[in-house]
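The values are calculated or read from the model by the stated rules, or taken from the named source; none is laboratory data. Owing to the predicted nature of the structure, the values given are computational and were not obtained by experimental measurement. Cβ coordinates were reconstructed from backbone atoms using ideal geometry, including for glycine residues, and neighbour counts include every protein chain displayed.
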Amino acid sequence: PCIGQWDRSDLKGQEKNTIVHSFNRNFSKRADGNPNTHAFVGSPEIVAAIAIAGKLDFDPTKDKLLNELGEEVMLDPPVGVELPSDGFDCEDSGYIEPEKDGSKVVVSVDPKSERLQLLEPFLPIGREINDARLLIKAHGKCTTDHISMAGPWLRYRGHLDNISNNCLIGAVNSFNMKTNFIKNHLNGDYGGVPDTQREYKSKNIKTVVVGDHNYVEGSSREHAAMEPRHLGVCAVIVKSFARIHETNLKKQGMLALTFSNEKDYDLILEDDLFTFVNLDSFSPGKQLELLVNHSDGTKDIIFLNHTYNKSQIEWYDEGSALNLIKKENL
């Protein structure tokens, strides 16, 4: 209901309309995938009253309705109980206690399944990133939904490779102001973000994503970090991060970096190559230096900030936080 799953039968297309709901998220396309749906949030009681009246301007504290006898009536104020009077009683919680020795437990997943796929540990990106390509320079607002859309894609949430086909398809390319339309530097053609990145990955070409302010605000959707990582993106460089996404990138063993000078965002051009000059000395509190080689032969040096502590740098070196946990506990 709050991630674009509502399959509406009352609209023919993306018509302008207004709804009132009690879900706590009401930004664009959240309810039904329609950018022209204007959603307002109300309490469950108010939403129910408006639904009964069939009018958005209905005020249950003042307005009257006609009953089946044609009489004017008012809705009684709702009453209810906060908690069940007999407490919470559950005969079967569904909890299955794990085996004391889990080493022999086999999780079997059909390799042909389109919805489930066992995760493979990410390989470390390493301390040497030279001549990386720009995947996309995102313009303006870029939320979790821009990077990993929900709605019909949720059927693949247990299959990282399949759901990665929605990676960054909602992000606006700053060079043409289009979505899911970026330059493939291997052939000069323009195409979708996931397909282009998959081609880079097949050629072992590392890539960088550049973003604007409050990059990847919204939910804590970890797919927004896992998908770029799975497809081969090694670093995300932005003006500022939404806090949770910054941490998620770190957990997946990627570089989450911010411009020391925000104006350096404007220096990034479509055909640039990126080399991290001092990544070999990556350490807490120390800026990273980025050499940007432009296609016309000119160069820029950009300084990048980060918030990695010692443990988080270990996540990067091991390939992910999970890789480190596994290493320390086996």
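For the range 218-238, the count of residues that are more than 30 Å from Arg25 (Cβ to Cβ) and either part of a helix (DSSP H, G or I) or of a type in the set (Lys, Arg) (or both) is zero. Restricting attention to the range 271-330 and to residues that are basic (Lys, Arg) and farther than 20 Å from Arg133 by Cα, the residue that is surrounded by the fewest Cβ atoms within 10 Å (Cβ to Cβ) turns out to be Lys310. How many residues, within the range 284-306, are touching a helix residue (DSSP H, G or I) at 6+ places or on another chain (Cβ under 7 Å) and part of a loop (DSSP other than H, G, I, E, B)? The total comes to 1.
Condition check ((1) at pLDDT 95 or above; (2) hydroxyl-bearing (Ser, Thr, Tyr); (3) closer than 29 Å to Lys326 by Cα) across all residues:
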residue: Tyr265; (1), (2), (3): yes, yes, no
residue: Asp271; (1), (2), (3): yes, no, no
residue: Lys286; (1), (2), (3): yes, no, yes
residue: Gly297; (1), (2), (3): yes, no, no
residue: Ile313; (1), (2), (3): yes, no, yes
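The single condition from (1) in contact with a strand residue (DSSP E or B) (Cβ under 7 Å, 6 or more places away or on another chain); (2) surrounded by fewer than 19 Cβ atoms within 10 Å (Cβ to Cβ); (3) over 23 Å from Asn130 (Cβ atoms) that Asn173 fails is (2).
For the range 164-192, residues that are β-branched (Val, Ile, Thr) and farther than 15 Å from Thr144 by Cα total 1. For the range 251-263, the set of residues classified as closer than 22 Å to Leu291 by Cα and assigned to a helix (DSSP H, G or I) consists of Glu262, Lys263, listed by residue number.
Within the range 125-183, the set of residues being among the small types (Gly, Ala, Ser), within 17 Å of the chain's Cα centre (by Cα) and within 18 Å of Lys239 (Cα to Cα) comprises Ala138, Gly140, Ala171.
Looking at the range 142-156, is at least one residue surrounded by fewer than 17 Cβ atoms within 10 Å (Cβ to Cβ), outside any helix (DSSP H, G or I) and in contact with a Lys or Arg (Cβ under 7 Å, 6 or more places away or on another chain)? No, the conditions are met nowhere in the range 142-156. Scanning the range 24-73 for residues that are polar (S, T, N, Q) and either surrounded by 13 or more Cβ atoms within 10 Å (Cβ to Cβ) or in the same structural domain as His146 (by TED's automatic domain parsing) (or both) yields a total of 5. For residues that are farther than 23 Å from Val79 by Cβ and of a type in the set (Ser, Thr, Tyr), scanning just the range 1-23, find the one that is surrounded by the fewest Cβ atoms within 10 Å (Cβ to Cβ). Filtering the range 1-23 for residues that are farther than 23 Å from Val79 by Cβ and of a type in the set (Ser, Thr, Tyr), the one surrounded by the fewest Cβ atoms within 10 Å (Cβ to Cβ) comes out as Ser9. When the range 185-204 is limited to residues that are within 22 Å of Ile163 (Cβ to Cβ) and not charged (D, E, K, R), the one that is surrounded by the fewest Cβ atoms within 10 Å (Cβ to Cβ) turns out to be Ser202. Within the range 224-237, the set of residues being touching a residue at least 40 places away in the same chain (Cβ under 8 Å) and of a type outside the set (Lys, Arg) comprises Ala224, Met226, Glu227, Pro228, His230, Leu231, Val233, Cys234, Ala235, Ile237. Taken as a whole, the range 43-50 holds at least one residue that is part of a loop (DSSP other than H, G, I, E, B), within 28 Å of Asp145 (Cβ to Cβ) and modelled with pLDDT under 95.
Within the range 103-117, is even one residue part of a strand (DSSP E or B) and either outside the structural domain of Glu270 (by TED's automatic domain parsing) or modelled with pLDDT under 90 (or both)? Taking every residue of the range 103-117 in turn, at least one turns out to be part of a strand (DSSP E or B) and either outside the structural domain of Glu270 (by TED's automatic domain parsing) or modelled with pLDDT under 90 (or both).
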